[in-house]
Amino acid sequence: MSDRQHRRRVGILILVGILLVIFFAWVLWGNTALMVSEIGVTGTKLPQNFVGYRIAQVSDLHNAEFGENNEVLIDLLQGTEPDLIVLTGDLVDSNHTDLAVSLAFAQQAVSIAPTYYVPGNHEARIPSYDQLREDLIRAGVVVLENEAVLLERDGASIHLIGVQDPSFFADPDHEESAMAAILTDLVPEDGSYTVLLSHRPELFDTYVASGVDLVLAGHAHGGQVRLPFLGGVVAPGQGLFPAYDAGLYTEGDTNMVVSRGIGNSIIPFRVNNRPELVLVTLMPPDDSGAGV
């Protein structure tokens with residue numbers, strides 16, 4: 001091998017090494033650079049008094065911490081000035097459960113705005129879920145397990161429904177029919193505006209058929225690895241190239257917002273998929289929604 005060939009090979013190796021260092025630094029940054037994604041959602045049945053109502057969504061925390069005592073996440077959450085905070089499942093990670101992290105975050109969230117929570121599939125896996133549930137209630141979080149409540153603002157109201165993850169169902173193999181039955185009992189018949197908190201985005205057709213106006217979901221982790229122009233690569237419950245991985249989806253009068261989530265679980269890193277806090281603003285029918 002000539003000196004020229006040797007220098008060329010060494011140069012190529014150095015370049016490859018530099019590119020690898022840049023790539024891994026970018027991936028590391030992308031897993032810690034928490035962001036806020038703002039989405040505007042319209043609704044023909046939305047009461048005028050709820051126009052401008054701001055809902056901050058935290059999903060799939062998985063025991064993640066951003067700064068000491070999650071101060072980065074809490075500061076971002078407070079900065080969104082929400083009217084409501086919703087936690088759409090998987091506060092904990094069943095593979096390395098730490099109830100203290102989840103509880104500390106929840107205790108701070110309730111000091112910012114009324115906070116509502118539905119459990120995800122990871123909560124269904126842990127034997128300490130009952131303890132987590134009781135601790136959240138004591139902290140002031142409203143836990144919704146196949147229940148509905150009224151949210152009131154200046155004399156107007158909308159319905160907020162929260163459902164358990166299908167992993168809690170007696171027969172999870174028939175999750176669509178079970179979810180449909182639950183929603184039949186909870187969706188109001190008077191046509192009032194309804195927001196549904198559900199961990200699972202893949203049941204979108206069931207939510208549409210049930211007449212829900214707005215669904216807030218998580219679980220997909222943004223597809224974990226996101227490819228330009230193609231979106232997420234893989235999501236639990238949906239497999240490769242999931243149909244519902246992140247952002248706003250609309251069918252008929254039903255909108256669904258899917259959060260990319262904050263933490264990780266089985267796959268410990270994300271690629272081109274920053275963790276996000278979602279801020280949904282309810283808007284009048286003549287405004288157009290803005291996706292992430």
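What you get for region 99-160, charging only the Cβ of Lys and Arg (+1) and of Asp and Glu (-1), is a dipole of about 140 debye around the Cα centre. Distance from a point 7 Å along Cα→Cβ of Arg138 to each backbone N in region 112-131: keep the residues under 16 Å and list them by number. It comes to 128-131, nothing else. Per-atom-type breakdown for the chain gives carbon and sulfur 54% of the accessible area (1.4 Å probe, protein chains only).
Along its three principal directions, the equivalent ellipsoid of region 1-131 from the Cα gyration tensor extends over semi-axes of 43, 22, 14 Å, largest first. Computed from the C-alpha gyration tensor, the three semi-axes of the ellipsoid equivalent to region 155-212 are 22, 11, 10 Å, from longest to shortest. The P(r) of region 192-231 has a tail past 13 Å containing 58 percent of all C-alpha pairs.
Each Lys and Arg adds +1 at its Cβ and each Asp and Glu adds -1 at its Cβ; summed about the Cα centre, the chain shows a dipole of about 1780 debye. When Rg is the radius of gyration of the Cα atoms in region 229-284 and Rh is its Kirkwood radius, what does Rg/Rh come to? Radius of gyration over Kirkwood radius for region 229-284 works out to 0.99. Between Asp98 and Arg54, the simple spin-label model (points 7 angstrom out along Cα→Cβ) gives 2.9 nm. Solvent-accessible area per residue in the chain equals 46 Å², computed with a 1.4 angstrom probe and all protein chains kept. An oblate overall shape is assigned to region 115-193, the ratio a/c of its alpha-carbon gyration tensor axes (a ≥ b ≥ c) being 1.5 or greater and a/b not exceeding b/c. Alpha-carbon geometry of the chain: the Rg and the Dmax are 20.8, 84 Å, given in that order. Across all directions, the shadow cast by the convex hull of region 144-292 built on its C-alpha atoms averages 9.8 square nanometres. Apply the a/c threshold of 1.5 to the C-alpha gyration tensor of region 68-177 and tell me whether it is rounded, prolate or oblate. Taking the square roots of the gyration eigenvalues as a ≥ b ≥ c, region 68-177 is oblate. Each peptide in 232-239, 193-200 was scored by the mean count of other Cβ atoms within 10 Å over its residues; highest first, the order is 193-200, 232-239.
Relative contact order of the chain: what whole-number percent is it, with Cα pairs under 8 angstrom and at least 6 residues apart? That works out to 27 percent. Protection proxy ranking for 131-142, 275-286, using the average of other Cβ atoms within 10 Å per residue and placing the highest first: 275-286, 131-142. Phi-derived couplings, Karplus 6.51 cos²θ - 1.76 cosθ + 1.60 at θ = phi - 60°, listed residue by residue for region 34-49: 4, 9, 9, 10, 9, 10, x, 10, 9, x, 5, 9, 5, x, 4, 5 Hz, with x used for Gly and Pro. Taking the inverse of the mean 1/r over every pair of distinct Cα atoms in region 62-111 gives a Kirkwood hydrodynamic radius of 11.4 Å. Ranked by the mean number of other Cβ atoms within 10 Å of their residues, highest first, the peptides 179-189, 102-112, 3-13 come out as 102-112, 179-189, 3-13.
The values are calculated or read from the model by the stated rules, or taken from the named source; none is laboratory data. As the structure is a prediction and not an experimental result, all values here were calculated from the model. Here the Cβ is made from the backbone with ideal geometry for all residues, glycine too, and neighbour counts use every protein chain on show. Side chains are part of the model used for accessible areas, which takes the heavy atoms of the whole protein and leaves out ligands, DNA and RNA. Shrake-Rupley method; radii C 1.70, N 1.55, O 1.52, S 1.80 Å.
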